[in-house]
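For reference, the structure is listed below as structure tokens.
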Amino acid sequence: MSNKICITGASRGIGRAIAEAFARDGWELYLICRENLKIMEETAEGWRRDYGTDAACFAIDVADAAAYEAFLKDLPAMDVLINNAGISYVGLLQDMELSDWRRVIDTNLTSVFLSCKYLLPRMLSQGSGRIINISSVWGEHGASMEAAYSASKGAVNSLTKALAKETAAGNVQVNAIACGLIDTSMNGHLSENELQNLIAEIPADRIGRPQEVAALCLQLASAPEYLTGQIITLDGGWTV
């Protein structure tokens, strides 16, 4: 029987790379996206052909608490949960509407709470499980013009540490990956000059690849059980 994994924000970028890595490794996938369901289904069908992997695809807005709760209640027990769904708001805090703030917090943080609330008890019941939260270096250091995003990821880091302490005795490990500059559409607001200036600050002298985040997720899924409560920075030495 294949191990089961649930991945949010799985239709593109980091989430898609994570899904493909686990598909290649033979996992049974439960993939969630807000939109782009048709694209995700077509991609998953390709993985079925290439890797023989089963994948169920769902279009759910994780920021819609009622809809997401209803969806989670019907999911089977998972071996791994990866909370990857995330959005940002770029602009000055004083120009941000409360609705924009809530949208970022609900997508990036409240969805993590809900995923864990409903899937964690089944992991504890089966005596094993891994939760991996995709965070950001801005959760620790803060990013100008991205206050809400930084706040949400800082909270995800704290939630990761606190939840790990609750679940360690039940053999469920909770860790987070704090990503640096990764090549995704979230960086689309940056001009080429801005992007190059950021890369110049990174000792690795390049932008990170989604596949590198995926490879780390795969490692964490089989890491020693004693590894829990950690915020693992993946940023090419940027924030050392």
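Cβ contacts < 6 Å: first residue closer than 13 Å to Phe22 by Cβ, restricted to the range 38-54; second residue among the β-branched types (Val, Ile, Thr), any location; separation 6+ or different chain. Result? So the pair list comes out as Trp47/Thr53.
Please specify each residue of the range 105-127 satisfying the condition of being among the aliphatic types (A, V, I, L, M) and out of contact with any Cys (no Cβ under 8 Å at 6 or more places or on another chain). Across the range 105-127, the qualifying residues are Ile105, Leu109, Val112, Leu114, Leu120, Met123, Leu124. Filtering Gly237, Gly188 for residues that are open to solvent by 20 Å² or more (accessible area, probe 1.4 Å), in contact with a Pro (Cβ under 6 Å, 6 or more places away or on another chain) and either over 19 Å from Ile7 (Cα atoms) or not β-branched (Val, Ile, Thr) (or both) leaves a single hit, Gly237. Leu216 falls short on exactly one of the conditions (1) on the phi < 0 side of the Ramachandran plot; (2) open to solvent by 50 Å² or more (accessible area, probe 1.4 Å), and that condition is (2).
Since Glu194 meets every condition but one in (1) touching a residue at least 24 places away in the same chain (Cβ under 8 Å); (2) exposed (fewer than 15 other Cβ atoms within 10 Å of the Cβ), which condition does it not meet? In the conditions (1) touching a residue at least 24 places away in the same chain (Cβ under 8 Å); (2) exposed (fewer than 15 other Cβ atoms within 10 Å of the Cβ), Glu194 misses (1) alone. Inside the range 1-26, residues that are open to solvent by less than 40 Å² (accessible area, probe 1.4 Å), without any contact (Cβ under 8 Å) to a residue 40 or more places away in the chain and in contact with an Asp or Glu (Cβ under 9 Å, 6 or more places away or on another chain) make up a count of 2. Quick check on my filter: what residues within the range 16-40 are within 25 Å of Asp106 (Cα to Cα), over 18 Å from the mean Cα position of the chain (by Cα) and not hydrophobic (A, V, I, L, M, F, W, C)? The answer is Lys38, and nothing else.
Tallying residues that are touching a residue at least 24 places away in the same chain (Cβ under 8 Å) and loosely packed, with under 15 Cβ neighbours inside 10 Å within the range 146-170 yields 1. Here Leu109 fulfils each of the conditions (1) touching a residue at least 40 places away in the same chain (Cβ under 8 Å); (2) part of a helix (DSSP H, G or I); (3) out of contact with any Ser or Thr (no Cβ under 6 Å at 6 or more places or on another chain); (4) open to solvent by 10 Å² or more (accessible area, probe 1.4 Å) apart from (3). Restricting the range 129-145 to residues that are surrounded by fewer than 20 Cβ atoms within 10 Å (Cβ to Cβ) and among the aliphatic types (A, V, I, L, M) leaves a set whose member that is farthest from Arg209 (Cα to Cα) is Met145. Counting only residues that are touching a residue at least 40 places away in the same chain (Cβ under 8 Å) and open to solvent by 60 Å² or more (accessible area, probe 1.4 Å), the range 85-106 holds 5 of them. Here Ser88 fits the description: at pLDDT 95 or above and either assigned to a loop (DSSP other than H, G, I, E, B) or among the basic types (Lys, Arg) (or both). Being surrounded by fewer than 17 Cβ atoms within 10 Å (Cβ to Cβ) and outside any helix (DSSP H, G or I) is the filter; apply it to the range 41-57 and report the residue that is nearest to the chain's Cα centre (by Cα). Checking each candidate, the answer is Ala56.
The values are calculated or read from the model by the stated rules, or taken from the named source; none is laboratory data. Remember, predicted model here, so these are calculated numbers, not experimental data. Cβ: placed from backbone, ideal geometry, glycine included. Neighbour counts: every protein chain shown. For accessibility, only protein heavy atoms count, side chains too; no ligands or nucleic acids. Shrake-Rupley method; radii C 1.70, N 1.55, O 1.52, S 1.80 Å.
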